[in-house]
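The values are calculated or read from the model by the stated rules, or taken from the named source; none is laboratory data. Here the structure is a predicted model, which is why all the values come from computation and not from measurement. In this analysis, Cβ positions are derived from the backbone assuming ideal geometry, glycine residues included, and neighbour counts consider all displayed protein chains. Accessible surface areas use protein heavy atoms only, side chains included; no ligands, DNA or RNA. Shrake-Rupley method; radii C 1.70, N 1.55, O 1.52, S 1.80 Å.
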Amino acid sequence: MREVRIRDTLSGELRALPTGDEVGIYACGPTVYSRIHIGNARPFVIFMLLARFLRSEGYRAKLVINVTDINDKIYDAAKEAAEPSEEFAERMTAAYFEDTGDLGLGRPDAEPLASETIEGIVGLIEDLVASGHAYESGGDVYFRVRSFDAYGKLSNRPTEDMDQGEEAGSASLKEDPLDFALWKAHKEGEDSSWGSPWGQGRPGWHIECSAMAEAELGPSFAVHGGGSDLVFPHHENEIAQSEAAGRPFAQVWMHNGMIQKGEGKMSKSEGNIFQLSEALDRYGREAVVDYLISGHYRQPLAFGAEQMEQAVARVERLRNFFRGHGGREPGGPPGSRIEAFREALADDFNTPRAMAEVFELVGEANRGEVPGAAEAVEEMLGLVGLGSLAEVEAGAGGKAEVLLAEREQARAAKDFDRADEIRDELAALGWEVRDSASGAKLVPKS
Ligand SMILES: [Zn+2]
């Protein structure tokens, strides 16, 4: 088992993940007020692939990605759609499952919904009220920020820059403008609410995640992740709530950079490819996954038609490699490449460095025979959810494969005229037939 190190946002240091215990990973999922966009897909892909890599190294990883289905934004969007908010949230949650399912990476181990964690949320707030870290005010409950000395340790910002971003109406109920809501009393116009010791209402966003993380992973777990836009106030507040309530909470904080949409670069005909479902339809899942791992997860990543076309070209290059290396050559995979690939992922999940190993090997093998190259490339791609690119071999184009099989039959029947005819038909389709000891292969005509 290799040591896997992740850059911890809180300490700024590389931290090794625990090798003996379960590696619990909690990543903040989407607030389901619209179809998700490519920016939401980045943490989904990064954390799904991190868990996949850890398992391949023998770690016991458990990945939790929640769904925030109770939130102000949902009430607003449901109203606009003239739909009850619970139905709207359910519909958007289903769309999120469908869109991320189309990425073809499987599902996280647990996907808790805020609306199904109310009991745990209320329990956590009760603990905070009992210990003096929270107070009830007008049916709301607020966290008393100054009661938690370590407040601000994650985002390292001066208190005067700490704007909780809460609605203006709540200011008069707070002891201190720094305080933030754990529970909000039911307001007119909101069509859903839950019971609590403080009356009907609903949880605040931050406490939802503290409670869902604890419900799935216990009071202490290895990695808490999410987009870098969540560092303040969301993750700062999660730390305050959970630690003030006596939970050790997360050991490592792992944040992905934002996707940056190029201004005015997208033409109208490109449609709204920023929406994940549209990007998947237009470019295919492999190109979308390849794009999302093309930069280091902590860095911002530029997004636009140009970047997506580059991703399409890269996956096409990989498909062509498998088309040209259909038969698996004997000789065993070049272990040093796979080793370097895994080492890159173990070093703060450096996917661009890992993919550079793939493309270097592809280049080498395209220049000359490298025994076991196809198997090695397939193994590496499998670790980042792109193993399906190796399947082109069988699907070199349905028609070409059928013709190749027919040609084999013709040759077996010593009907060489027909076999030659088929060779010409394949050539017209862009394929060259190469006969070898292990049978005929289709190679793209150069
Ligand atoms: Zn969260």
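Some points to look at:
- The chain: calculated mean residue ellipticity at 222 nm from DSSP helix runs of at least 4, using -39500 (n - 2.57): -13000 deg cm²/dmol
- Percent carbon-and-sulfur accessible area, the range 293-378, ignoring ligands, DNA and RNA, probe 1.4 Å: 49
- Reported value for the range 13-141: 160 Å³ per residue, from the convex hull of its C-alpha atoms.
- Taking a ≥ b ≥ c as the square roots of the Cα gyration tensor eigenvalues, the range 104-262 comes out rounded, since a/c falls below 1.5.
- Peptide ranges 311-322, 280-291 listed from the most packed, as the mean C-beta count within 10 angstrom indicates: 280-291, 311-322
- Under 19 Å from LYS79, Cα to Cα: aspartates and glutamates that are on another chain or at least 8 residues apart: ASP69, GLU87, GLU90, GLU167, GLU188, GLU190, ASP191
- Measuring between their Cα centroids, the range 134-196 and the range 200-221 lie 16 Å from each other.
- Prolate/oblate/rounded call for the range 155-243, Cα gyration tensor, a/c under 1.5 rounded: oblate
- The chain - charge dipole about Cα centre, Lys and Arg +1 at Cβ, Asp and Glu -1, debye rounded to 20: 1320
- Hits among aspartates and glutamates - C-alpha to C-alpha of LYS62 under 14 Å, sequence gap 8 or more where chains match: ASP21, GLU22, ASP109, GLU111, GLU214, GLU216
- Overall form of the chain per C-alpha gyration tensor (a/c, 1.5; a/b vs b/c): prolate
- Annotation: aspartates and glutamates with alpha-carbon distance below 14 angstrom to LYS261 (same-chain offsets under eight excluded): GLU270, GLU306.
- Most positive-pole-ward Cα, SER34, SER11, MET1, against dipole of the range 1-47 from beta carbon charges: SER34
- Protection proxy ranking for 224-237, 101-114, using the average of other Cβ atoms within 10 Å per residue and placing the highest first: 224-237, 101-114.
- Here r is the Cβ-Cβ distance between ARG146 and GLU364 and R0 is 51 Å; the resulting FRET efficiency, rounded to 0.05, is 0.25.
- For the range 413-424, 3J(HN,Hα) computed residue by residue from phi via the Karplus equation (6.51, -1.76, 1.60; θ = phi - 60°) reads 8, 6, 8, 6, 4, 5, 4, 5, 4, 5, 4, 5 Hz, glycine and proline entered as x.
- Helix axis angle, 118-130 relative to the chain longest principal axis, alpha carbon, degrees: 40
- Segments 32-42, 184-194 sorted - mean Cβ within 10 Å per residue, highest first: 32-42, 184-194
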